[in-house]
1. Among I319, I354, I36, rank each residue by its count of other Cβ atoms within 10 Å, from fewest to most, as a rough exposure measure.
2. Run the quick spin-label model on E168 and R97: label points 7 Å from Cα toward the beta carbon, then report their separation in nm to one decimal.
3. If we count every other residue with Cβ under 14 angstrom of E49's Cβ, Lys/Arg +1 and Asp/Glu -1, where does the sum land?
4. Which of the trypsin sites (Lys or Arg not before Pro) across the range 289-391 are loop residues per DSSP, with 16 or fewer other Cβ within 10 Å?
5. Please state the equivalent ellipsoid semi-axes for the range 335-389: what are the square roots of 5 times the Cα gyration tensor eigenvalues, largest first, in whole Å?
6. Roughly how many debye, to the nearest 20, is the charge dipole of the range 335-389 about its Cα centre, given +1 on each Lys and Arg Cβ, -1 on each Asp and Glu Cβ, and no other charges?
7. Give me the net charge of V289's neighbourhood, meaning all other residues with Cβ under 15 Å from the Cβ of V289; Lys, Arg count +1, Asp, Glu -1.
8. How long are the semi-axes of the equivalent ellipsoid of the range 265-391, taking √(5λ) for every eigenvalue λ of the Cα gyration tensor, in whole Å from largest down?
Amino acid sequence: MRWHRWWLAAGLGVACLIGGARGPWTRQASARAARIHVQVQAAATVETERVSLGQVAAVTLMPVEAGADSGQLASGDSGDMTPGWTLEQLQQVEIARVPLPGQTIRMPAGFLAVKLRQAGINPADLVLELPAGGWIEITRVLPAVPTAHPPPPSTEDRGKQWSSLLLEQLQAAIRARLQDQLGGSSAGAVRLQVNLAQVIGWDELLRGLPADVPQPGEAQPVPYTWDLGGWRPAVGPFILFASLRAGDRRVGSVTVNGDWQVERQVLVAARSLAVGQTITAADVQSRWVSGLASGEWLFTPEQAVGRVVQRPLPAGEPILATALAQAPLYEKGTPFTARVQRGQVVVEVQLRAIEAGLAGKPFRAINEATGQVLSVVVDQTGQATVLGLAG
């Protein structure tokens with residue numbers, strides 16, 4: 001009987017121990033009954049060289065589906081979750097680097113598991129949803145330039161405080177140089193398109209900004225200026241070496257890879273114009289054309305109206321100054337009156353043009369009363385003066 005009592009007491013003790021152990025184990029599994037879900041994009045854009053997991057993937061906490069055994073983790077789990085990691089820390093894990101703005105890299109999606117293991121994270125502890133194509137494409141872009149200058153950031157990093165403003169200032173300096181190269185506003189309306197693909201050395205430049213220069217908003221005008229040297233590029237792709245200066249000091253330099261295009265509003269033939277035709281306002285119109293304008297292109301109707309076409313001009317063709325001649329004030333065979341001056345005496349004679357008479361240029365005319373061939377010049381008002389006998 002005593003033996004029976006002893007076994008009964010021992011059985012109750014073991015049951016209590018098992019019950020006490022099972023309760024904490026179930027709670028631990030319930031705490032683990034959630035998984036970190038990582039949904040990776042097939043393509044992403046970044047503004048920094050270092051690429052973190054959170055820049056290419058959505059990292060979220062995913063609860064176990066309702067009705068699942070709270071003591072079981074989602075499929076693919078093995079062992080305990082990697083200790084000491086939070087969602088925010090996981091998002092900051094570096095997975096790649098893109099050295100230059102404008103550069104695109106492609107990496108196998110499976111390479112993420114390698115980078116996670118290098119960071120001390122067991123990929124089996126995560127639910128990884130990778131792109132169907134098996135690749136991740138990452139493009140580094142230049143920081144966006146805001147349309148309005150934002151208030152100075154609270155960070156103590158001087159480079160970050162100046163980054164947007166200096167980039168905006170560099171773009172303005174490039175456009176000003178190109179505008180000057182095109183002749184400013186003296187030769188027709190101009191439309192510029194400038195694209196900066198890469199700015200090499202930008203991060204190093206920002207880190208080297210002097211500490212004694214006032215921060216944005218503390219100094220007017222901005223204490224920095226860009227020196228573009230003797231840069232005068234042809235239309236299309238370009239490489240520019242630009243130096244940043246603070247007064248007389250050279251702060252640093254960058255290499256800019258980009259391209260630019262230009263359109264200019266020039267005068268074109270509104271219809272096909274034949275040789276010898278005198279141009280009227282209805283014969284010309286303005287049009288935007290691409291490329292650098294020739295120094296002989298015309299830009300306003302006043303530059304062409306009243307002149308004579310010297311070579312055929314198809315409709316839509318830009319009109320060059322060399323394609324036009326000044327309209328004669330006296331056509332060949334036209335009778336006109338000319339002045340002859342002898343000392344203080346001025347007399348008028350009747351002449352007939354034997355060739356076209358242009359303003360300011362001597363031409364020949366005949367005095368039909370005497371048969372003499374004379375050299376005559378006519379001014380813009382149409383007043384003709386005899387210069388003497390024609391040679």
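Read-outs: derived from the displayed coordinates by stated rules, not from any lab. As the structure is a computational prediction, the values presented were derived from the model and not from experiment. Cβ atoms come from the backbone with ideal geometry, glycine included; neighbour counts cover every protein chain shown.
1. On the way: I319 24, I354 16, I36 19.
With the sparsest Cβ surroundings first, the list reads I354, I36, I319.
2. Label-label distance for E168 and R97, simple model: 3.2 nm.
3. With Lys, Arg at +1 and Asp, Glu at -1, the neighbours total 0.
4. On the way: sites: R307, K332, R339, R342, R352, R364; in loops: R307, K332.
Qualifying residues, ordered by number: K332.
5. Working: eigenvalues 48, 41, 17 Å².
Whole-Å semi-axes of the equivalent ellipsoid: 15, 14, 9.
6. In total the dipole reaches around 80 debye.
7. On the way: positive: R191, R264, R287; negative: E263, E296, E317.
The answer is 0.
8. 38, 14, 11
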